[in-house]
Amino acid sequence: MARNVEDLALFLDAMSGEHPADPASLPRLKTSFLSAARSGWRPKRVAYSATLGITPVDTEVAAITKKAAARFAEAGAEVEEAHPDLSEAHECFQVLRAFDYAVTKAKLLRAHRALLKPDVIWNIEKGLKLSIEDLERAEAERVAMTRRTLKFFETYDLLLTPATIVAPFPVEERYVAECAGKKFENYVEWLAIAYAITLVCCPALSLPCGFTREDLPVGLQIVGPPRSEGHVLAGAKALED
C-alpha cells in the first residue's frame, strides 16, 4: 500500500475520520498517524509467533520472520516467543465469513451463479445453511478470543508473526492447498495467520523483512491491541530504520 511506513501513515491519515455514511467510523484522532509513526515510540516487550498455535508455516518463512523479529532487541525490546490463545479461530472465522457471504452475496448467487468461481459459490451456500446456534457459538468464540488477546497485550506491546505462511506462489494456483505437510480443508484456511488477528479486532501491518533463496519477498506482520495503530506504525518504523 505504500513504499515505506511514513507513507503508509500518511495514507491512513487521508483515509481516517468520521463519516455519516459509515456508522462504524471513528472520529479523527488528535495526533496524526504520521506524527505517531515519527514519535520515536519503542516497544518494551515484543512477542513473536511463527504459527499463532493454529497454522503450519513454511520453514524458510518462519526463519526469516523470526530473524527480523529478533532485531527489535536492537531497539531495546525484550523479544519472546508467545501468542494469545486463538484456538477457536478456524471455526469462528468460517462461520462468520459464511454468514457475511450469505448476507451480501446470495443475490449474486441467484442471479449470476455461472459467473461466480466455485470457492465463492461454496462459501455462499455454506452461509445459507447456517443455524442460529452456529452464529451464537461463533460470536461467543470471538468474544472469548478477544478477551484473552486483550489480556495478552497487558504483557506485550506488540505481537509479530509471518504476514503469510508461504512465500508468493504461482498465479495459476487459486489458493494455497498445502503447507508443511498440512492439507487445508478449504480455500481460506491458509490465511489463518491474518484472519485470526482480524477476528480479535487488532490493527496490523505487513512490513517487508527479507527474501527467500529464490528471491521471493517475505513480510512480517506487526500487531497491536485494538486502537493502537500509532504504536504499530511506530514499531514498524523502528524496525524499518
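Converting phi to 3J(HN,Hα) with the Karplus coefficients 6.51, -1.76 and 1.60 and the offset θ = phi - 60°, the stretch 117-128 yields 6, x, 5, 5, 4, 4, 5, 5, 5, 4, x, 5 Hz in sequence order, with x at every glycine or proline.
In the stretch 109-156, what trypsin sites (Lys or Arg not before Pro) fall in a loop by DSSP, with at most 11 other Cβ atoms inside 10 Å? It would help to have the intermediate numbers written out before the result.
Working: sites: ARG110, ARG113, LYS126, LYS129, ARG137, ARG142, ARG147, ARG148, LYS151; in loops: LYS129.
Taking the stretch 109-156 and a limit of 11 other Cβ atoms within 10 Å, the loop trypsin sites (Lys or Arg not before Pro) found are LYS129.
Explain nothing, just the number: dipole magnitude of the stretch 85-241 about its Cα centre with +1 on each Lys and Arg Cβ and -1 on each Asp and Glu Cβ, in debye rounded to the nearest 20. Before the final figure, lay out the partial values.
Details: 19 positive and 23 negative charges, 109 e Å.
Here the size comes out at about 520 debye.
Could you tell me what percent of the DSSP beta bridges with both partners in the chain are antiparallel, to the nearest 5? Display every interim value, and only then the final one.
Details: 14 of 21 bridges.
In the chain, DSSP labels about 65 percent of beta bridges as antiparallel.
Please report, to one decimal in angstroms, the Kirkwood hydrodynamic radius of the stretch 181-221 built from all distinct Cα-Cα pairs.
12.2 Å
log10 I(q)/I(0), Debye, Cα-only the stretch 118-241, no solvent, q = 0.12, 0.17, 0.20 Å⁻¹? Calculated log10 I(q)/I(0) at the listed q: -0.61, -1.07, -1.23. Charged side chains reduced to their Cβ positions (Lys and Arg at +1, Asp and Glu at -1) give the stretch 153-199 a dipole of some 120 debye around its Cα centre.
Tell me the carbon and sulfur percent of the accessible area for the stretch 18-69, rounded to whole percent, probe radius 1.4 Å. The nonpolar share, carbon plus sulfur, comes to 56 percent.
Could you give the accessible area per residue of the stretch 1-131, probe 1.4 Å, as a whole number in Å²? Walk me through the intermediate numbers first.
Details: 7990 Å² over 131 residues.
The answer is 61 Å² per residue.
Under a model in which nothing but the beta-carbon of Lys, Arg (+1) and Asp, Glu (-1) is charged, the stretch 125-206 shows a dipole of about 160 debye around its Cα centre.
Beyond 30 Å between alpha-carbons counts as too far, so tell me which of LYS117/LYS182; LYS182/LYS237; LYS107/LYS183; LYS30/LYS237 fall in that bin.
Values: LYS117/LYS182 24 Å; LYS182/LYS237 34 Å; LYS107/LYS183 32 Å; LYS30/LYS237 20 Å.
Cα-Cα > 30 Å for LYS182/LYS237; LYS107/LYS183; rest within.
Across the options VAL103, VAL171, TYR187, the greatest Cα extent toward the positive end of the charge dipole of the chain (unit charges at beta carbon of Lys, Arg, Asp, Glu) belongs to VAL103. Each of ILE132, ILE121, PRO84 was placed along the dipole of the stretch 64-153 (beta-carbon charges, centred on the mean Cα), and the one lying farthest toward the positive end is ILE121. Each other residue within a Cβ distance under 13 Å of PRO225 adds +1 if Lys or Arg and -1 if Asp or Glu, for a net charge of +2. Annotation for GLU125 and SER32: the two label points, set 7 Å from Cα along the Cα-Cβ direction, are 5.1 nm apart.
Averaging 1/r over every pair of different alpha carbons in the stretch 9-64 and inverting the result gives a Kirkwood radius of 15.0 Å. THR31 exposes around 90 Å² of accessible area when a 1.4 Å probe is run over every protein chain in place.
Along the stretch 199-213 the Karplus relation, 6.51 cos²θ - 1.76 cosθ + 1.60 evaluated at θ = phi - 60°, assigns HN-Hα couplings of 4, 9, 6, 9, x, 8, 9, 10, 10, x, 9, x, 9, 6, 4 Hz to successive residues, with x for each Gly and Pro. Once the chain from GLU214 to ASN4 is taken as fully extended at 0.36 nm per residue, the excess over their C-alpha distance is 73.3 nm. Excluding same-chain neighbours fewer than eight residues apart, the aspartates and glutamates reachable from LYS44 by a Cα-Cα span under 20 Å are GLU74, GLU78, GLU80, GLU81, GLU154, ASP157, GLU229, GLU240, ASP241.
The values are calculated or read from the model by the stated rules, or taken from the named source; none is laboratory data. Predicted model only: the values in this text are computed from it and were never measured. With ideal geometry, Cβ positions are generated from the backbone for all residues, glycine too; neighbour counts draw on all protein chains shown. Protein only, heavy atoms only, side chains kept; ligands, DNA and RNA dropped before computing areas. Shrake-Rupley method; radii C 1.70, N 1.55, O 1.52, S 1.80 Å.
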